[in-house]
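Please read the structure below before turning to the comments.
The values are calculated or read from the model by the stated rules, or taken from the named source; none is laboratory data. Remember, predicted model here, so these are calculated numbers, not experimental data. Every residue, glycine as well, gets a Cβ built from its backbone with ideal geometry; the counts of neighbours run over all protein chains shown.
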Amino acid sequence: MATENGKILSVEEEQKLLAPIDEYVGKIQEKIDALRVDGTDKVTYLTNHIAIVKENANYTKAEKASIIAKAKSELSAAKAVEEKNKGQIKTLVNDAVKYLNDHYEKEYYSKVAESCAAEKDVENKRYEAELAELKSHHQAELAKLTDRNEIKDEKYVYKNVQFDARLKHEATLQEIKDRRHDAYAHKYHLIDLLRLSRFTRGEKAKQNWENYKYTFNTKQFLLNNGLYIAIICVFILLCVLAPVVKHTRLLTVNNILNILQAASPRMFLALGVGGLILLGGTDLSVGRMVGTSMVLATMIMHKGPNTGAIFGKMFDLSALPVGVRIVMALVICCCVTTAFASFAGFFTAKFKIHPFISTMANMLIMFGLMTFATKGISFGAIENDIPSMIMPKIGGQFPTIILWAVAAVCVMYFIWNKTTLGKNMYAVGGNAEAAAVSGISVFKVTITAFAIAGILYGCGAWLECIRMVGSGSASYGQGWETDAIAACVVGGISFSGGIGKIQGIVVGVLIFTALTYSLTILGVDTNLQFVFSGIIILAAVTIDCLKYIQKK
């Protein structure tokens with residue numbers, strides 16, 4: 001039945017529209033199936049049969065050899081049939097797909113979609129009328145009542161009937177949505193049978209877009225992306241204000257490269273913290289890791305005799321080749337930070353002390369030791385040639401420190417997603433007790449995660465030292481732990497544990513670095529920048545809690 005007049009199709013009418021299409025394609029499918037019986041189908045069966053026989057311990061070696069030899073002989077014949085029928089099958093498949101492309105949309109799907117749209121309009125009007133009727137009835141009942149408790153009960157009943165009406169309305173809309181989606185998907189179900197689950201890129205893209213529209217939920221979308229949208233809006237506002245307030249543009253190639261350059265060392269720190277948050281923990285000692293490493297790296301790579309002393313002892317390593325000192329600085333930084341991180345990890349893993357406590361203790365120990373050892377004195381600058389050796393600028397503009405960060409992201413992505421350790425980290429973070437019962441060593445996973453974090457801290461601080469050409473002091477890195485933690489939370493690493501992705505951390509670091517850089521250019525006081533960071537952290541954690549509550 002036509003839908004131009006707004007009439008809604010019944011199930012029988014939809015089936016009547018679809019019948020000629022199914023009949024035409026079905027006849028072609030029968031021919032294809034007949035051609036595949038002794039070819040493709042037999043090849044699939046024999047291939048699986050051979051694999052099963054190889055793994056079957058009930059057969060002797062001679063029996064296996066005999067069965068496999070016979071199967072391979074049949075497989076060779078089946079492949080010959082498959083190759084012989086390939087051209088004919090391809091022609092039939094192309095004929096069926098062309099018919100679907102020419103007729104399916106025009107003769108079936110478009111009419112079903114129009115019918116669903118009309119039915120949706122009818123349902124919306126019915127729902128509005130029902131709400132109006134309920135409201136009218138409610139007001140009439142209230143007019144009859146004088147007792148406060150009776151009025152309260154009537155309001156409670158009214159809310160309940162409104163809720164029931166909304167549930168019924170949403171269920172009806174979902175049924176309409178399901179019917180339209182099923183009508184769309186049926187075409188690709190037919191193609192799936194014709195091509196044995198092989199689709200072109202265009203067909204895959206269309207299915208993905210349809211599935212996205214079908215599963216899209218506004219509330220869930222805002223819950224997952226609302227913070228990003230808000231931050232982007234703030235950044236756009238800053239880009240608009242910058243030319244007006246400071247007569248400069250934010251979105252320039254130079255500014256973008258500066259943001260990426262500043263974000264690169266922080267990426268290492270966030271990747272380290274991210275692994276600990278994934279386990280359901282955190283790390284408050286990141287800033288002290290940076291400060292300690294900055295002192296050690298500057299001392300080793302210092303230009304000439306050191307201006308500062310450690311525990312009253314002066315060091316002069318300038319006689320060593322620059323390359324040796326660079327490598328020495330990296331190794332010592334990583335060893336020290338890994339040792340301290342593993343120290344905190346041991347107490348967390350062995351005695352179940354929350355990482356908040358163990359890393360806070362770490363923070364105090366490191367800060368106290370380095371401040372006492374150096375008396376708070378800065379160690380000055382490193383050799384002038386080192387930055388150009390480690391992070392030269394390509395084309396005189398692109399800072400290669402960015403490539404160090406990209407390499408770290410790639411390595412951690414591989415660890416999180418492609419290794420047993422990564423899978424175990426997700427398992428322990430999701431439910432440590434269940435992970436232990438399944439045979440995972442929670443102690444080893446926790447210690448390893450802390451050790452990896454320590455290595456990343458050392459590398460990040462070493463790069464920061466080279467980027468800043470030294471200037472190492474025990475107080476350097478103050479507040480960096482909050483930036484690293486905030487970047488992870490904004491990037492979707494859940495404090496509930498077991499949830500998060502590396503790409504989220506990357507986004508979080510870039511967001512915070514870009515925001516800080518933009519506020520600095522606009523002349524916003526550094527102390528006020530902490531207010532922005534605090535608001536973003538609070539919003540991110542609130543959203544994370546809402547997701548957790550919804551999941552529960």
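Listed values, structure above:
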{"quantity": "Top-ranked residue of segment 531-552 - restricted to ones that are at pLDDT 80 or above and loosely packed, with under 14 Cβ neighbours inside 10 Å, ranked as farthest from Ala263 (Cα to Cα)", "calculated": "Thr542"}
{"quantity": "Counted residues, segment 356-380 - those being part of a helix (DSSP H, G or I), of a type in the set (A, V, I, L, M) and under 18 Å from Ser471 (Cα atoms)", "calculated": "2"}
{"quantity": "Of all residues making up segment 378-420, the number that are touching a His at 6+ places or on another chain (Cβ under 9 Å) and not acidic (Asp, Glu)", "calculated": "4"}
{"quantity": "Some residue of segment 381-396 being modelled with pLDDT under 95, buried (at least 20 other Cβ atoms within 10 Å of the Cβ), within 23 Å of Val469 (Cα to Cα) and in the same structural domain as Phe315 (by TED's automatic domain parsing)", "calculated": "yes"}
{"quantity": "Hey, Tyr457 surrounded by 24 or more Cβ atoms within 10 Å (Cβ to Cβ), of a type in the set (Phe, Trp, Tyr) and either modelled with pLDDT of 90 or more or closer than 16 Å to Ile277 by Cα (or both) or not", "calculated": "yes"}
{"quantity": "So Glu433, is it within 24 Å of Gly368 (Cα to Cα), assigned to a helix (DSSP H, G or I) and either in contact (Cβ under 8 Å) with a residue 24 or more places away in the chain or not basic (Lys, Arg) (or both)", "calculated": "no"}
{"quantity": "Only one of Glu107, Glu123, Glu82 that is closer than 30 Å to Lys7 by Cβ, over 37 Å from the mean Cα position of the chain (by Cα) and free of Cβ contacts under 8 Å to residues at least 60 places away in the same chain", "calculated": "Glu123"}
{"quantity": "Residue match in segment 501-522 (condition: without any contact (Cβ under 8 Å) to a residue 12 or more places away in the chain, more than 17 Å from the chain's Cα centre (by Cα) and surrounded by fewer than 20 Cβ atoms within 10 Å (Cβ to Cβ))", "calculated": "yes"}
{"quantity": "Qualifying residue in segment 205-216 (condition: surrounded by 13 or more Cβ atoms within 10 Å (Cβ to Cβ), over 26 Å from Gly508 (Cα atoms), in contact with a helix residue (DSSP H, G or I) (Cβ under 7 Å, 6 or more places away or on another chain) and not polar (S, T, N, Q))", "calculated": "yes"}
{"quantity": "Restricting segment 86-115 to residues that are of a type in the set (Ser, Thr, Tyr) and in contact with a helix residue (DSSP H, G or I) (Cβ under 8 Å, 6 or more places away or on another chain), the residue that is farthest from Glu203 (Cα to Cα)", "calculated": "Ser115"}
{"quantity": "Whichever residue in segment 5-32 is at pLDDT below 95 and more than 17 Å from His186 (Cα to Cα) and, among such residues, is surrounded by the fewest Cβ atoms within 10 Å (Cβ to Cβ)", "calculated": "Asn5"}
{"quantity": "Residue in segment 217-229 that is nearest to Val489 (Cα to Cα), counting only those that are of a type in the set (A, V, I, L, M, F, W, C) and surrounded by 14 or more Cβ atoms within 10 Å (Cβ to Cβ)", "calculated": "Leu227"}
{"quantity": "Matching residues, segment 169-187, being surrounded by 13 or more Cβ atoms within 10 Å (Cβ to Cβ) and farther than 30 Å from Asp22 by Cα", "calculated": "His169"}
{"quantity": "Verdict on Leu241 being surrounded by fewer than 23 Cβ atoms within 10 Å (Cβ to Cβ), touching a Leu at 6+ places or on another chain (Cβ under 7 Å), outside the structural domain of Ala486 (by TED's automatic domain parsing) and assigned to a helix (DSSP H, G or I)", "calculated": "yes"}
{"quantity": "Single condition Thr337 does not satisfy, out of (1) at pLDDT below 95; (2) under 21 Å from Ser473 (Cα atoms); (3) under 30 Å from the mean Cα position of the chain (by Cα)", "calculated": "(1)"}
{"quantity": "Segment 352-380 - residue that is of a type in the set (Phe, Trp, Tyr) and touching a helix residue (DSSP H, G or I) at 6+ places or on another chain (Cβ under 9 Å) and, of those, surrounded by the fewest Cβ atoms within 10 Å (Cβ to Cβ)", "calculated": "Phe367"}
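For every residue, the table says whether it meets (1) out of contact with any Gly (no Cβ under 7 Å at 6 or more places or on another chain); (2) in a helix (DSSP H, G or I); (3) of a type outside the set (Val, Ile, Thr); (4) surrounded by 15 or more Cβ atoms within 10 Å (Cβ to Cβ).
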site: Ile50; (1), (2), (3), (4): yes, yes, no, yes
site: Val53; (1), (2), (3), (4): yes, yes, no, yes
site: Asn58; (1), (2), (3), (4): yes, no, yes, no
site: Glu63; (1), (2), (3), (4): yes, yes, yes, no
site: Gln88; (1), (2), (3), (4): yes, yes, yes, no
site: Asn94; (1), (2), (3), (4): yes, yes, yes, no
site: Asp102; (1), (2), (3), (4): yes, yes, yes, no
site: Tyr109; (1), (2), (3), (4): yes, yes, yes, yes
site: Glu114; (1), (2), (3), (4): yes, yes, yes, yes
